[in-house]
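The values are calculated or read from the model by the stated rules, or taken from the named source; none is laboratory data. Values in this document were obtained by computation on a predicted structure and should not be read as measured data. Cβ placement follows ideal geometry from the backbone for every residue including glycine, while neighbour counts extend to all protein chains displayed. Just the protein is used for accessible areas: all its heavy atoms, side chains included, with ligands, DNA and RNA removed. Shrake-Rupley method; radii C 1.70, N 1.55, O 1.52, S 1.80 Å.
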Amino acid sequence: MSIYCALKVPEGCRALGLHHYRSHSVAKASPNLAFVPASPPPDAVEVEALQRFVSHSQRLLVMTGAGISTESGIPDYRSEGVGLYARTDRRPIQHAEFVRSASARQRYWARNFVGWPQFSSHQPNAAHLALRNWEKLGKLHWLVTQNVDALHTKAGSQQVMELHGCTHRVLCLGCGEQTPRSELQKRFEALNPTWSAEAHGIAPDGDVFLTEEQVHNFRVPACIRCGGILKPDVTFFGDTVSREKVDFVHKRLAESDSMLVAGSSLQVYSGYRFALAAHEKKLPIVIINIGPTRSDHFASMKLNSRCGELLPLIVPR
């Protein structure tokens, strides 16, 4: 079961199908550590403690953040020394700016157009595959991800809630029509046959850095159905997650007996609220994240290890 059905989303979303970006058989490759902060190897005592936690859990809810995808070569925002905020003074686009400013949308889509081929080619790493295996073995009750990269779905996970949406889908703000991002790429190419730009660094959500001069002549298509504004089907900074999604996760949390947070600092309230709710329900919470998180003080256990190094060591039983 996927969130497409569970949330009664518009028929256009179901019509996209997961096959557009799902890849069940993913070769195990060496992790890409360019955007992963340094961390010590897993401690044997901590590994055993995590094994006991997972073994004792009967209905485990897992919430993942950007730190689970950094080993796939996708940078995050907050990691010390290697995150976007540490490497540059650039900041992600705000929802209000995207909606009100045609030039902001032109800049965003030009950057996204250049970055999309590389971003969409990223593959799941050992952490994504481990969680997929946990689900297959009946250990994982539900997986809630704050990521928009579709890597859990590519890995084959099915009980997935994409809390902040997914960059592989595009939404019309006028009529609500949803289309695959790959189709929009073709429209960009048709509208900009002679346009080209060289990227200056990569950002976390599928775009790259370009100068104002580079994006000046880039043309952005409108919705084919109504002529409305096209936006990635993701929650931009400054926007809020829908009440329907929030309620859905709270229901899954109410059915769970424990919570694991993997690769999230929980600094964004949209994710932190669920850790807080789990704490209020007195559920045991384990956090795997390199660096401090907003919930360290009430976690049952905190491990400063790479998700892709630690999660595959756990055998659900």
For segment 29-53, name all the residues that are under 24 Å from the mean Cα position of the chain (by Cα) and of a type in the set (Phe, Trp, Tyr).
Phe35
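Please state which one of Leu303, Leu230, Leu310, Leu210 is more than 17 Å from Thr145 (Cβ to Cβ), of a type in the set (A, V, I, L, M) and touching a Cys at 6+ places or on another chain (Cβ under 9 Å). Steps first, answer last, please.
On the way: Leu303 fails: touching a Cys at 6+ places or on another chain (Cβ under 9 Å); Leu310 fails: touching a Cys at 6+ places or on another chain (Cβ under 9 Å); Leu210 fails: touching a Cys at 6+ places or on another chain (Cβ under 9 Å).
The conditions single out Leu230.
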When segment 283-317 is checked residue by residue, the ones that are within 19 Å of the chain's Cα centre (by Cα), among the β-branched types (Val, Ile, Thr) and open to solvent by less than 20 Å² (accessible area, probe 1.4 Å) are Ile287, Ile288, Thr293
Those residues of segment 107-125 which are touching a strand residue (DSSP E or B) at 6+ places or on another chain (Cβ under 9 Å), hydroxyl-bearing (Ser, Thr, Tyr) and closer than 23 Å to Pro31 by Cβ, in sequence order
Ser120
Hits in segment 241-282 (condition: open to solvent by 30 Å² or more (accessible area, probe 1.4 Å), in contact (Cβ under 8 Å) with a residue 24 or more places away in the chain and over 14 Å from Gln146 (Cα atoms))
Glu244, His250, Arg252, Ala254, Glu255, Asp257, Lys281
Hits in segment 192-233 (condition: within 21 Å of Leu173 (Cβ to Cβ), of a type in the set (A, V, I, L, M) and modelled with pLDDT under 95)
Val215
Every residue from segment 85-138 that is modelled with pLDDT of 90 or more, assigned to a loop (DSSP other than H, G, I, E, B) and either open to solvent by less than 20 Å² (accessible area, probe 1.4 Å) or not hydrophobic (A, V, I, L, M, F, W, C) (or both):
Ser101, Ser121, His122, Gln123, Pro124, Asn125, Gly138
